[in-house]
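Below: the structure, in structure tokens.
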Amino acid sequence: MSHSFDLGGRVALVTGANTGLGQGIAVALAEAGADIAAAGRSVPDDTRAQVEALGRRFVFIEAALDTIAPVGDIVSGTVSQLGRLDILVNNAGTIRRNDALDFTEDDWDAVAGVNLKTLFFLSQAAGRHWVAQGQGGKIINVASMLSFQGGIRVASYTASKSGVLGVTRLLANEWAGKGINVNAIAPGYFATNNTEALRNDSARNRAILERIPANRWGKPSDLGGAAVFLASDAADYVHGAVLPVDGGWLAR
Ligand code: NAP
């Protein structure tokens with residue numbers, strides 16, 4: 001192995017790390033050796049406990065991510081409290097479900113703001129920091145099956161997650177030559193708050209499970225390996241890629 005998966009000495013900033021996939025990713029990165037800065041609006045006590053139990057440092061940067069106002073402070077707060085920034089995981093996201101005929105401007109803005117606009121401007125803040133420091137970095141964006149498919153009753157979610165893939169590729173094109181790797185993970189159907197409504201609808205739950213070759217919903221820990229890989233030196237020549245972690249959903 002000429003490249004390492006070890007993240008010892010690295011600092012990872014993860015948005016929305018208090019729960020669900022963000023928590024799973026933060027803990028996996030800590031297991032691989034990274035210290036963790038968690039940015040979001042809810043206090044991530046459980047994630048802190050898991051990361052600190054691994055012997056890693058953990059800081060919480062309180063920030064509402066439906067506005068881009070805090071992005072500069074999130075990056076500078078990470079660097080001032082943990083000494084550096086190496087990895088940014090744009091995980092925070094939300095969803096609104098409504099028929100396209102009834103979809104409101106608020107349904108659109110609430111989702112597109114967090115999922116796409118903040119993702120871009122937080123990436124910009126990290127990119128500016130790395131370029132100013134003359135160092136590289138790793139960005140991992142959390143995409144979705146709806147980066148590839150249309151979905152139903154989730155217009156702004158589909159638009160934002162399709163946009164995440166486009167922005168991932170655009171940033172990779174602009175920044176690969178600067179030593180900044182920008183890639184995405186596309187989770188399939190995972191058991192988190194985000195999918196509670198689907199899992200509570202027995203017909204939808206059954207239809208989804210019947211389509212997943214692995215025959216089960218994903219668990220947040222299922223994303224760990226993909227996140228560690230894309231955050232590590234092993235991915236130094238991986239740019240603009242999207243890695244599905246979906247139990248085979250897209251292969252179907
Ligand atoms: P989740 O448990 O609901 O986590 C979402 C996270 O984003 C939470 O930490 C949430 O904070 C945070 N967040 C949402 N809006 C925010 C805002 N305005 N300001 C600050 N933080 C905000 O759901 P999840 O499934 O883990 O979602 C994580 C990511 O995975 C999202 O981007 C989602 O689209 C994506 N994803 C999920 C699935 C799936 O099957 N679950 C599949 C594909 C992609 P609060 O706890 O304070 O709300």
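The values are calculated or read from the model by the stated rules, or taken from the named source; none is laboratory data. As the structure is a prediction and not an experimental result, all values here were calculated from the model. Heads up, the Cβs are rebuilt from the backbone with ideal geometry, glycines too, and the neighbour counts pull from every protein chain shown. Side chains included, ligands, DNA and RNA excluded: accessible areas come from the protein's heavy atoms. Shrake-Rupley method; radii C 1.70, N 1.55, O 1.52, S 1.80 Å.
Subtracting the Cα-Cα distance of Ala251 and Val43 from their residue separation scaled by 0.36 nm leaves 71.1 nm. All C-alpha pair distances within region 35-166, sorted into 10 Å bins from zero, spread as 12, 38, 31, 15, 3, 0 percent across the bins. Between Ala203 and Ala53, what FRET efficiency comes out of the Förster formula 1/(1 + (r/R0)^6) with R0 = 41 Å and r the beta carbon distance, rounded to 0.05? Between Ala53 and Ala203 the formula returns 0.55. Within the shell of other residues whose beta carbon sits under 14 angstrom from the beta carbon of Thr158, the net charge comes to +2, with Lys and Arg scored +1 and Asp and Glu -1. Binning the C-alpha pair distances of the chain at 10 Å intervals from 0 yields a P(r) profile of 8, 33, 38, 18, 4, 0 %, listed from the shortest bin outward. Listed peptides 31-39, 191-199 appear in the order 31-39, 191-199 once ranked by packing, highest mean of other Cβ atoms within 10 Å at the front.
Measuring only protein heavy atoms, the 1.4 Å probe finds Trp130 accessible over about 0 Å². Histogrammed with a bin width of 5 Å, the alpha carbon distances of region 123-201 distribute as 3, 15, 21, 19, 14, 11, 9, 5, 2, 1, 0 percent, first bin at zero. Accessible surface of Arg56, taken over heavy atoms with a 1.4 Å probe and every protein chain present, rounds to 70 Å². Taking all protein chains together, Asp233, Asp246, Asp6 sort by accessible area into Asp6, Asp233, Asp246, largest first [probe 1.4 Å]. Considering only beta bridges that DSSP places wholly inside the chain, some 0 percent are antiparallel. Post the alpha-carbon centroid distance, region 129-198 to region 75-126, in whole angstrom. Their Cα centres are 10 Å away from one another. The H on the amide N of Val154, modeled in the peptide plane, is under 5 Å from the matching H of Asn98, each at least 5 residues off or on a different chain. From the alpha carbon centroid of region 1-35 to that of region 211-252 is 15 Å. Note on the chain: helix-only mean residue ellipticity at 222 nm, from DSSP H runs of 4+ residues weighted -39500 (n - 2.57) and normalised by residue number, equals -12000 deg cm²/dmol.
Under a 10 Å cutoff between Cα atoms, tell me which one of Asn98, Asn200, Asn215 has the largest fluctuation in the Gaussian network model of the chain. Greatest mean-square fluctuation among the candidates belongs to Asn200.
GNM remark for the chain: springs join alpha carbons under 10 Å apart, and the peak mean-square fluctuation among Gly55, Gly77, Gly179 falls on Gly55.
A straight Cα-to-Cα reach below 13 Å connects Lys178 with the aspartates and glutamates Asp236, residues fewer than 8 places away in its own chain not being considered. The distance between label points at Leu170 and Ser4 comes to 3.6 nm (points 7 Å beyond Cα on the Cα→Cβ vector). The accessible-area ordering, largest first, of the residues Phe103, Phe190 stands as Phe103, Phe190, per a 1.4 angstrom probe.
Between helix 119-133 and the chain there is an angle of about 10 degrees, using the helix long axis and the longest principal axis of the Cα atoms.
Relative contact order, whole percent, for region 2-246 stands at 22, derived from Cα pairs under 8 Å and 6 or more residues apart.
Amide hydrogen proximity for Val245: with H placed 1.01 Å from N in the peptide plane, the residues at 5 or more positions away or on another chain lying under 5 Å are Ala186, Gly188.
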